Every structure is written in structure tokens, then in C-alpha cells.
1. Scan (1) at pLDDT 85 or above; (2) surrounded by 18 or more Cβ atoms within 10 Å (Cβ to Cβ); (3) farther than 17 Å from residue 37 by Cα for the single condition residue 103 breaks and write down its number.
2. Quick check on the stretch 50-70. Is at least one of its residues assigned to a loop (DSSP other than H, G, I, E, B) and touching a strand residue (DSSP E or B) at 6+ places or on another chain (Cβ under 6 Å)?
3. If you go through the stretch 106-113 one residue at a time, do you hit one that is without any contact (Cβ under 8 Å) to a residue 40 or more places away in the chain and either assigned to a strand (DSSP E or B) or buried (at least 16 other Cβ atoms within 10 Å of the Cβ) (or both)?
4. Provide a single number: the residues in the stretch 34-49 that are outside any loop (DSSP other than H, G, I, E, B) and over 17 Å from residue 105 (Cα atoms).
5. If we keep just the residues of the stretch 1-33 that are free of Cβ contacts under 8 Å to residues at least 24 places away in the same chain and either assigned to a loop (DSSP other than H, G, I, E, B) or closer than 21 Å to residue 106 by Cα (or both), which is farthest from the chain's Cα centre (by Cα)?
């Protein structure tokens, strides 16, 4: 798979997480020699099992419309830690308690931390003030992140 195509898929997963008001979104780019079985981890949290499931559902739905299906989904019934495996990247949706307990960011501390803007393919030509990036900045501040969701932006324009 091309790197730009992979980055677009990861960006779509992040937007899905934002749409369902996921908290503390992290993007980890795994190092080639680290023993990781994938290129990217997307980690986020939900406040209760239903929200955790809703976030995972939205990720699957958004990527399914782009023609991408997960190789495997684990932990859906429990709603504590749902792992959605797309082979080249894995989306981890945690409850707050499970995220603190497993602390994947600490376990993979050598991984490069990315911002959503890092996933937007860079073109060789300069645009004239028009940005093609559709990713909202990720914030640890729940209220600020929810204000930047596409739905919130549409409401604000109306």
C-alpha cells in the first residue's frame, strides 16, 4: 500500500474518532526495527462502554465507505478495549480505566508521536491559500476537541 493512501486511511479513522467525541487521541508511528506488527497505532478513549463501541463502529463505518475493512476486531462486547486491526494500522479504543492500566504509550515510548497534520500528504506545489487538509487539530481538552468536529463546524456555519 502506498504511504499516502495509508496516511489517508489513518486520517479517516481519526476523523471518525473525533466525530464520536473520543478523548485523548494519540497517533504513534511505529519504528521499523521495533518488532511492531503494524505501521501506526491510533489510540483514543471513551467515557463509557457505549461510547467506546460507538467510536469503534464509526471507525469501521467510515473506512468501510472508503472500501477498507478490518482484518479483525477484538473486545467489542466488553467495550473496555476495542482493537480494530487494519493490518497497516491498528485503532485502539479504550475506556479511561483500561487505557491507564495498559498504558500503550509507555510500552511503545520509542514510537514517533504524530499530529493529524503530519498525515496530510505533502504536495510539491504550493497552494494559493487553500488548504486541502480536512483534519481538525487534536486536543486533550474535551470541549475544545468537540468544538472542532465537522458536525460542530457545520452547526457554527449555519
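1. (2) is the only condition that residue 103 fails.
2. In the first step, residues of the stretch 50-70 are kept if they are assigned to a loop (DSSP other than H, G, I, E, B); the result is 66-70.
So of that shortlist, the ones also touching a strand residue (DSSP E or B) at 6+ places or on another chain (Cβ under 6 Å) come out as 70.
Yes: the stretch 50-70 contains one or more residues that are assigned to a loop (DSSP other than H, G, I, E, B) and touching a strand residue (DSSP E or B) at 6+ places or on another chain (Cβ under 6 Å).
3. Among the residues of the stretch 106-113, not one is without any contact (Cβ under 8 Å) to a residue 40 or more places away in the chain and either assigned to a strand (DSSP E or B) or buried (at least 16 other Cβ atoms within 10 Å of the Cβ) (or both), which makes the answer no.
4. Qualifying residue count for the region: 1.
5. Among residues in the stretch 1-33 that are free of Cβ contacts under 8 Å to residues at least 24 places away in the same chain and either assigned to a loop (DSSP other than H, G, I, E, B) or closer than 21 Å to residue 106 by Cα (or both), the one farthest from the chain's Cα centre (by Cα) is 33.
The values are calculated or read from the model by the stated rules, or taken from the named source; none is laboratory data. Keep in mind the model is a prediction, meaning the values are calculated, not measured. All Cβ positions, even for glycine, are placed from backbone atoms using ideal geometry, and neighbour counts span all protein chains on display.
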